Amino acid sequence: MKVRNKIPCSAERLGLLDPQMIQSVADANAFNIGRQYAAENRVRIVEADDSQISSAVIGNSGLYEQTIRLKDGHLLSKCSCALPEEPMCRHCIAVLLEYHRWVQPRQPQKSSVAKSAQAPPKPEPSAGGKTSMTQSSAPDVKLSEVLPFLEWLRPAMNALEAGTAVPDAPQFGPGDLSAWIQVIKNQEHRRRESEDALMSFETKMRDREAYIGRLTQQLQVSIAETKTAQETLQLTQLEVDEYKEILAHVAELAGEVVRHDGQVRAAANELLSKSSQLNTLTGSFKDLADSLKSASSKRPAK
């Protein structure tokens, strides 16, 4: 049985540990589950007094035994479960909550009938001087029912752990055994619901993984296309640089053409000027020729 840590406790009796005090030192998740166990009637207190409780609790995976003591200003708890919850497990929390519920003083009733119907049974002293706690107004457990219940309990717990169907339970009258059987059946129903939820979750996970796979493929294609675009861009940039060099060379050639055009225009103007002078000189030569011809025709013949 696993021993939990010592918890400093100022209470003089275990019955003075109310739910608020228990919640203040317990793990929040363990306290909620323990409170649920107590509400579902999973707790069976075997013996109890102001300083020690012996009990059993039906958990999710089996039947666990607890011993809780109040000693030297500390609360010590032991449980046969292997849960890592500290400073006390959910099963010990459920036992303390159940014990606190049953040791509360009875409320005054308006009639003796209401009092007998609502007040919990008084604890009965056992042979060792301790108190044996019974559950509400349920009838006592019969020995003839305990043995069939124990024979059914082990395969039922094994079925719960293996995830298989719980075998049919023996038929008992109203009482603790019937309540515990119903708790185990409820646990099987919750397990089936959990399995269905798990299968649905796994299906959603597979769909999500397939969707992520498609997105990954699309991303890889996009990355490849991006690399191709980058390579094309680099080639285009090289071509643009080459075109820039060509344009710069063409600009230089255009400048030279402009300069040569100016020179050609200057030469043409000079030729036009010389052509005008030649025309004037030609006219002078023509006038001279005409004068010579005229003079030649007026000379007397010898």
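Observations on the structure shown:
- The HN-Hα couplings worked out from phi for the stretch 237-247 by the Karplus form 6.51 cos²θ - 1.76 cosθ + 1.60 (θ = phi - 60°) are 5, 4, 4, 4, 4, 5, 5, 4, 5, 5, 4 Hz, whole numbers, x standing for Gly and Pro.
- Extension gain, V258 to S194, is 13.9 nm, computed as 0.36 nm per intervening residue step minus the present C-alpha separation.
- Taking amide hydrogens as placed 1.01 Å from N in the peptide plane, the amide H of M88 sits under 5 Å from those of D27, each at least 5 positions away in sequence or on another chain.
- In sequence order, the stretch 7-23 has phi-based couplings of 10, x, 9, 8, 6, 7, 9, 5, x, 7, 7, 8, x, 5, 5, 5, 5 Hz under the Karplus curve 6.51 cos²θ - 1.76 cosθ + 1.60, θ = phi - 60°, and Gly or Pro positions carry x.
Taken together, the values in this text are just the output of simple stated rules run on the coordinates, not laboratory data. Source: prediction; values computed, not measured.
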